[in-house]
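Before any comments, here is the structure.
The values are calculated or read from the model by the stated rules, or taken from the named source; none is laboratory data. Since we're looking at a predicted model, the values are computed, not measured. Here Cβ is always computed from backbone atoms with ideal geometry, including for glycine, and neighbour counts include all displayed protein chains.
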Amino acid sequence: MDFATLWVVGVARHVHAVEEGESMEIVKATVWLYQLAFARTFQLICKNWAVLFAPLAYSVILSLASAVVAPLGFLGGMLLLLVTDACISSGLYLIENMLKMGKTDVNDFLKGWTVYLLDIIQISFILWIPMTLAAQVLYPLPNGLLILLFLRILIYTVFNVVPELLYQARLGGLEVLSASYSFVIENWIEWFVPNLFIGVAAYLALGPLALLATFLPSGFQFFFIVAVASFFLSYFMVFRGALFSLLRGTSRRSRIYKYKMGEPFQGNNW
């Protein structure tokens with residue numbers, strides 16, 4: 001083997017080693033980021049433990065609203081959607097105040113009903129139009145349902161961070177959809193790995209949770225499952241907010257640098 005060949009092989013091995021080293025640094029910095037997000041979430045939940053009951057309160061409100069508007073037919077369905085959007089707005093406002101101020105209260109719970117209501121209605125309408133048209137076109141086709149399912153998964157993936165962008169970036173309409181696409185493209189690994197892991201863990205916990213509920217009186221079984229789901233959803237959404245604030249406005253290179261230098265790293269809203 002001549003010198004030129006040896007030199008090429010040596011350079012190739014060096015490049016491969018550098019790439020492996022950078023990959024490991026990315027993994028370490030990302031795990032460090034998850035630790036920060038989980039620690040921040042735990043801290044906020046401990047200080048604002050009442051927020052764990054917020055999804056439970058929303059479910060009760062939606063149940064009552066459903067019973068009230070049921071006789072109204074189509075109009076009742078529209079009113080129920082409005083109440084649902086208001087509940088989402090309230091929940092996002094609670095998380096916003098937790099991340100920004102470190103605390104939230106009942107006043108935020110009540111005030112939040114209208115803070116993001118119009119934005120949520122606008123985004124829902126923007127997404128509803130193409131999905132309705134796609135459904136009408138695809139339903140008659142042999143594999144139409146499968147294609148429609150793929151489109152829904154794609155929309156859920158691309159616009160996954162719309163909730164966080166609403167209350168952390170204060171964007172709306174097409175702007176928030178564009179920003180969500182850009183964020184997912186840049187941070188899809190860092191964002192979806194913990195989301196998928198937590199989602200799978202929650203799914204696997206359904207069986208043991210249902211089994212545990214059987215030991216309770218029949219009148220408390222449903223309440224127990226809903227309460228646990230409420231606690232989990234609250235923790236999960238606060239974690240998403242904390243992780244998003246750490247990822248937003250940073251690059252993999254900047255996160256690696258902060259990790260290696262041991263610099264304090266806080267989210268945009270901390």
Quiz item: Somewhere in segment 70-82, is a residue part of a helix (DSSP H, G or I) and within 22 Å of the chain's Cα centre (by Cα)?
Solution: yes
Practice problem: Might you check whether a residue that is surrounded by 12 or more Cβ atoms within 10 Å (Cβ to Cβ), at pLDDT below 90 and over 20 Å from Val27 (Cβ atoms) occurs anywhere in segment 252-265? | Solution: no
Quiz item: For residues in segment 27-56 being of a type in the set (Gly, Ala, Ser) and crowded, with 16+ Cβ neighbours inside 10 Å, which is farthest from Phe192 (Cα to Cα)?
Solution: Ala54
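To keep it simple, each residue is scored yes or no on (1) at pLDDT below 85; (2) over 20 Å from Leu92 (Cα atoms); (3) among the hydrophobic types (A, V, I, L, M, F, W, C).
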site	(1), (2), (3)
Asn195	no, no, no
Ala205	no, yes, yes
Ala213	yes, yes, yes
Phe232	no, no, yes
Quiz item: Take the residues of segment 63-80 that are surrounded by 15 or more Cβ atoms within 10 Å (Cβ to Cβ) and either among the aliphatic types (A, V, I, L, M) or under 25 Å from Ala229 (Cα atoms) (or both): which is modelled with the lowest pLDDT?
Solution: Val69
Quiz item: When both residues are 6+ apart or on different chains and their Cβ atoms are under 7 Å apart, which pairs have a first residue that lies in segment 89-106 and is closer than 14 Å to Gln43 by Cβ, and a second that is in a helix (DSSP H, G or I) and of a type in the set (D, E, K, R)?
Solution: Gly102/Lys47; Lys103/Lys47
Quiz prompt | Every residue from segment 190-223 that is surrounded by 11 or more Cβ atoms within 10 Å (Cβ to Cβ) and of a type in the set (A, V, I, L, M) | solution = Val193, Ile198, Ala202, Ala205, Leu206, Leu209, Ala210, Leu212, Ala213, Leu216
Quiz item: When only residues in segment 126-176 that are under 26 Å from Ser234 (Cα atoms), exposed (fewer than 15 other Cβ atoms within 10 Å of the Cβ) and not aliphatic (A, V, I, L, M) count, which is farthest from the chain's Cα centre (by Cα)?
Solution: Gly173
Exercise. Collect the residues in segment 106-121 that are surrounded by 14 or more Cβ atoms within 10 Å (Cβ to Cβ) and not basic (Lys, Arg), keeping them in residue-number order.
Key: Asp108, Phe109, Gly112, Trp113, Val115, Tyr116, Leu117, Asp119, Ile120, Ile121
